[in-house]
Amino acid sequence: MEISTRRLLLREYGPGDLDAVHAFASDPVVCAFAEWGPNTPQDTAAFLEECAVEQVAVPRKTWTFAIVWGGSVIGSVALMTGKSDLVHEPGEAELGYVLHRNAWGNGYAAETAEALLAWAGGHLGITRVVATCRPENTGSVRVLEKIGMQQVDHLHEHKRIDGKTRDSLVFAGLLPVGEPAGTSAG
Ligand SMILES: CC(C)(COP(=O)(O)OP(=O)(O)OC[C@H]1O[C@@H](n2cnc3c(N)ncnc32)[C@H](O)[C@@H]1OP(=O)(O)O)[C@@H](O)C(=O)NCCC(=O)NCCS
């Protein structure tokens with residue numbers, strides 16, 4: 001399963017991706033607003049094992065893809081359809097993404113999210129997507145706005161991260177259901 005965008009390739013993870021994933025997942029700056037990380041090598045290995053498990057799950061609930069630019073893994077994107085505090089109905093999914101710091105500021109996150117959501121609308125029947133981010137994560141807020149999502153909630157003291165309570169902004173968007181472009185089965 002692969003999705004091509006203008007500049008990027010989204011593909012399933014494999015065991016050979018450990019070093020590339022660890023390069024961004026162990027970076028404290030990259031993880032500053034995340035609930036996870038900075039990863040130990042064991043954390044990153046466990047993440048790739050989880051990806052391997054989800055790839056063969058029936059029914060599959062989570063699609064986590066490597067974001068590849070010029071043959072190198074520069075980040076990760078995930079679409080989660082399992083029920084959660086934000087995903088209640090079939091046809092809904094939660095979106096998340098992370099990029100290596102060197103890849104920021106090129107529009108890659110928005111390009112990735114748009115392609116993944118187009119694929120999810122066409123192949124998974126996803127019609128509504130949700131995402132959360134910390135209010136101070138202005139880059140992520142901007143990505144969600146750029147792909148047409150709107151803030152629908154501000155959850156005060158939503159999560160406890162590193163011993164501190166944190167607010168979350170909730171974004172949502174409706175997807176057009178249609179034929180996805182640039183995808184191929186593999
Ligand atoms: C959030 C993240 C994925 C954005 O990736 P990116 O490829 O740089 O995003 P894009 O280039 O598509 O868009 C970023 C937008 O935010 C803006 N932006 C980035 N940092 C900003 C900041 N500190 N203040 C204001 N705007 C900012 C950029 O100018 C750009 O907007 P523009 O296209 O209108 O100029 C990346 O910074 C990242 O991986 N962060 C760490 C992980 C993370 O926070 N993930 C999201 C968890 S909710």
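Out of (1) within 15 Å of the ligand (Cβ to nearest atom); (2) within 22 Å of Phe24 (Cα to Cα); (3) surrounded by fewer than 21 Cβ atoms within 10 Å (Cβ to Cβ), the odd one out for Leu86 is which?
Against the list (1) within 15 Å of the ligand (Cβ to nearest atom); (2) within 22 Å of Phe24 (Cα to Cα); (3) surrounded by fewer than 21 Cβ atoms within 10 Å (Cβ to Cβ), Leu86 comes up short only on (2).
Can you name every residue in region 74-87 that is over 14 Å from the mean Cα position of the chain (by Cα) and either part of a strand (DSSP E or B) or polar (S, T, N, Q) (or both)?
Ser84
Test each condition in (1) within 11 Å of the ligand (Cβ to nearest atom); (2) in contact with a Leu (Cβ under 8 Å, 6 or more places away or on another chain); (3) not in a strand (DSSP E or B) for Gly139 and report the one that comes out false.
(2)
Pick from Gly125, Gly105: which is away from the ligand (no atom under 15 Å from the Cβ), at positive phi and surrounded by fewer than 21 Cβ atoms within 10 Å (Cβ to Cβ)? Write out each step before concluding.
Working: Gly105 fails: away from the ligand (no atom under 15 Å from the Cβ).
Of Gly125, Gly105, the one residue that is away from the ligand (no atom under 15 Å from the Cβ), at positive phi and surrounded by fewer than 21 Cβ atoms within 10 Å (Cβ to Cβ) is Gly125.
Hey, does region 51-66 have a residue that's within 11 Å of the ligand (Cβ to nearest atom), assigned to a strand (DSSP E or B) and not β-branched (Val, Ile, Thr)? Spell out how you get there, then give the answer.
Here is the first cut: in region 51-66, the ones within 11 Å of the ligand (Cβ to nearest atom) are none.
No, because not a single residue in region 51-66 is within 11 Å of the ligand (Cβ to nearest atom), assigned to a strand (DSSP E or B) and not β-branched (Val, Ile, Thr).
Suppose the filter is modelled with pLDDT of 95 or more, hydrophobic (A, V, I, L, M, F, W, C), closer than 19 Å to Ile147 by Cβ and more than 15 Å from the ligand (Cβ to nearest atom); does Trp119 pass it? Even if it seems obvious, please write down each step before you answer.
On the way: modelled with pLDDT of 95 or more: yes; hydrophobic (A, V, I, L, M, F, W, C): yes; closer than 19 Å to Ile147 by Cβ: yes; more than 15 Å from the ligand (Cβ to nearest atom): yes.
Here the answer is yes, as Trp119 does meet what is asked.
Out of Ala115, Ala110, report the one residue that is touching a residue at least 60 places away in the same chain (Cβ under 8 Å), surrounded by 14 or more Cβ atoms within 10 Å (Cβ to Cβ) and assigned to a helix (DSSP H, G or I). Write out each step before concluding.
Working: Ala110 fails: touching a residue at least 60 places away in the same chain (Cβ under 8 Å).
Criteria check complete, one pass: Ala115.
If you go through region 19-48 one residue at a time, how many are surrounded by fewer than 17 Cβ atoms within 10 Å (Cβ to Cβ), in contact (Cβ under 8 Å) with a residue 12 or more places away in the chain and in a helix (DSSP H, G or I)?
Total meeting the criteria: 3.
Pairs under 9 Å by beta carbon, first residue in a loop (DSSP other than H, G, I, E, B) in region 88-102, partner near the ligand (Cβ under 8 Å from one of its atoms), six or more apart or different chains?
His100/Phe24; His100/Val30; His100/Gly75
The values are calculated or read from the model by the stated rules, or taken from the named source; none is laboratory data. Computed from a predicted model, the values in this text were never measured in an experiment. Don't worry about glycine lacking a Cβ; one is built from the backbone with ideal geometry, like all the others, and counts go over all protein chains shown.
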